[in-house]
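Written below as structure tokens is the structure these notes are about.
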Amino acid sequence: MNFEINPYVKEMIDSCRERTLPIVYGPHLLGLKGHWKEYFIKNNGMQPTKLILEIGVHNGRTMSEMAKNHSDFGFIGMDITFKRVVTSAKAAKESSCSNILSILGDARFIDEIFQDEELDAVIAFFPDPWIKKPGQTSKRLFKKDFLQMLSNKLKPNGSFWFKTDAQSYFQEVEQSLQDTSLLASEKLEFIADTYRSTFERKFLRKNLPIFEGVWSKG
């Protein structure tokens, strides 16, 4: 991790060490699998009744809005870019939300970070790579094997909330989920409000379609 190439690297490391921002990365993730609620109690001073994971936090504003409206839930935002990890942690601090953690992590290795049936919900709004990026669709995360692993991480009655502007991506996810224990649901029961990311607002202003689904673990 080179400080000179990416200034957010140093900011992330310093903020984690000095606990000025709610950031967890690298070696600090060790031992947290199966113990995320205990981490919130020890380091954030709150005991979450539910654990919500957002994969791909963008600027962190959507997660902060959810966390502010559901102060008894613990929200974990995961991203692979230093900038988004730092930015989402700053958004949490600005919102005075003590129930948010921003972690640097590759969701492909979710099995090493979370215990089976540890999460109450997983949220993914407009994940990369987008369909407009030539040759990038093969790198999509939410494929059959990953969705099965994601299903394992959810508690019984846990939910997966997915949004995209790419119909083909939505259909691919919808088809893949038929082979998991997740069943289509009308809404995420314990987060019934409507939350729109920065990307979604842009798409709606352009009258572009949004494809959205919620699946719950039976």
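Quick one: count up the residues across region 12-38 that are more than 29 Å from R140 (Cα to Cα) and either touching a helix residue (DSSP H, G or I) at 6+ places or on another chain (Cβ under 6 Å) or not in a loop (DSSP other than H, G, I, E, B) (or both). Number satisfying all stated conditions: 8.
Annotation note: Cβ proximity below 7 Å between a residue of region 89-100 that is closer than 12 Å to R61 by Cβ and a residue that is open to solvent by 60 Å² or more (accessible area, probe 1.4 Å) and in a loop (DSSP other than H, G, I, E, B) (sequence gap 6+ or interchain) occurs for no pair.
Per-residue answers, yes or no, for (1) over 21 Å from M149 (Cα atoms); (2) not aliphatic (A, V, I, L, M):
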{"residue": "I13", "(1), (2)": "yes, no"}
{"residue": "P22", "(1), (2)": "yes, yes"}
{"residue": "G45", "(1), (2)": "yes, yes"}
{"residue": "I52", "(1), (2)": "no, no"}
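Of all residues assigned to region 67-79, none qualifies as being buried (at least 22 other Cβ atoms within 10 Å of the Cβ), at pLDDT 95 or above and over 14 Å from the mean Cα position of the chain (by Cα).
For region 195-217, a tally of residues being in contact (Cβ under 8 Å) with a residue 60 or more places away in the chain and farther than 21 Å from Q148 by Cα returns 6. Scanning for something at pLDDT 95 or above and open to solvent by less than 20 Å² (accessible area, probe 1.4 Å), does region 22-31 turn up at least one residue? Checked region 22-31: at least one residue is at pLDDT 95 or above and open to solvent by less than 20 Å² (accessible area, probe 1.4 Å). It is to be established whether one or more residues within region 69-82 are among the polar types (S, T, N, Q) and part of a strand (DSSP E or B). Checked against the condition, which is being among the polar types (S, T, N, Q) and part of a strand (DSSP E or B), region 69-82 yields no hits at all.
Evaluated against (1) in a helix (DSSP H, G or I); (2) crowded, with 19+ Cβ neighbours inside 10 Å; (3) modelled with pLDDT under 95, C97 falls short on exactly one condition, (1). Residues in region 198-211 that are in contact with a helix residue (DSSP H, G or I) (Cβ under 8 Å, 6 or more places away or on another chain) and not aliphatic (A, V, I, L, M): T198, P209, F211. Of all residues in region 155-197, those being open to solvent by 10 Å² or more (accessible area, probe 1.4 Å) and assigned to a helix (DSSP H, G or I) number 10. Within region 106-116, the residues that satisfy the criterion of being open to solvent by 10 Å² or more (accessible area, probe 1.4 Å), under 14 Å from the mean Cα position of the chain (by Cα) and not charged (D, E, K, R) are F109, I113. A count restricted to region 39-57 and to residues that are over 17 Å from N69 (Cβ atoms), outside any helix (DSSP H, G or I), open to solvent by 30 Å² or more (accessible area, probe 1.4 Å) and touching a strand residue (DSSP E or B) at 6+ places or on another chain (Cβ under 9 Å) stands at 1.
The values are calculated or read from the model by the stated rules, or taken from the named source; none is laboratory data. No experiment lies behind these values; they were computed from the predicted model shown. Reconstructed Cβ throughout: ideal geometry from the backbone, glycine too, with neighbour counts over all protein chains shown. Side chains are part of the model used for accessible areas, which takes the heavy atoms of the whole protein and leaves out ligands, DNA and RNA. Shrake-Rupley method; radii C 1.70, N 1.55, O 1.52, S 1.80 Å.
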